[in-house]
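Down below is the structure, laid out as structure tokens.
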Amino acid sequence: MSIRKFNIVLVDPGYKLIEVIREIRVITGLGLKDSKDLVERAQTEPVMIMASVDKAQADKTKTLLNKCGAKVDIELDHANAESKRKPSEAKLNKMLSDAFTRAMSGAR
């Protein structure tokens, strides 16, 4: 079973900026200035506030920010999503590494 990870994107902080900044501080652990900068940037463009979190945490974060009037999207984290090809690529890399090691030890 694959474990899906999600990115949380602040699309629009809404009109209760102070409440959203407070929640961002709690959620991310950022300081006041960094949280404020993040929320202000989200007024002009979507900003990722958390990366590679599980579905439960993503839903909880979205609910907290929605209560403050912010609009939040949850996106599948494609960079860390498991695919069927990854084990094959890892196996291929190991085979190549082993073959290279054998070739180098035999060449000496």
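The values are calculated or read from the model by the stated rules, or taken from the named source; none is laboratory data. These figures come from a predicted structure and were not determined experimentally. Positions of Cβ are backbone-derived with ideal geometry, glycine not excepted, and every protein chain shown enters the neighbour counts.
Data table
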quantity	calculated
When residues of segment 1-32 are limited to those that are in contact (Cβ under 8 Å) with a residue 24 or more places away in the chain, more than 20 Å from residue 54 (Cβ to Cβ) and aliphatic (A, V, I, L, M), the one surrounded by the fewest Cβ atoms within 10 Å (Cβ to Cβ)	11
Selection count, segment 45-59, where residues are exposed (fewer than 14 other Cβ atoms within 10 Å of the Cβ) and either assigned to a helix (DSSP H, G or I) or in contact with a Phe, Trp or Tyr (Cβ under 6 Å, 6 or more places away or on another chain) (or both)	2
Filter pass, residue 65 being modelled with pLDDT under 95 and in a helix (DSSP H, G or I)	no
Filter result for the condition that a residue is basic (Lys, Arg) and closer than 16 Å to residue 11 by Cβ, over 67, 33, 60, 55	67
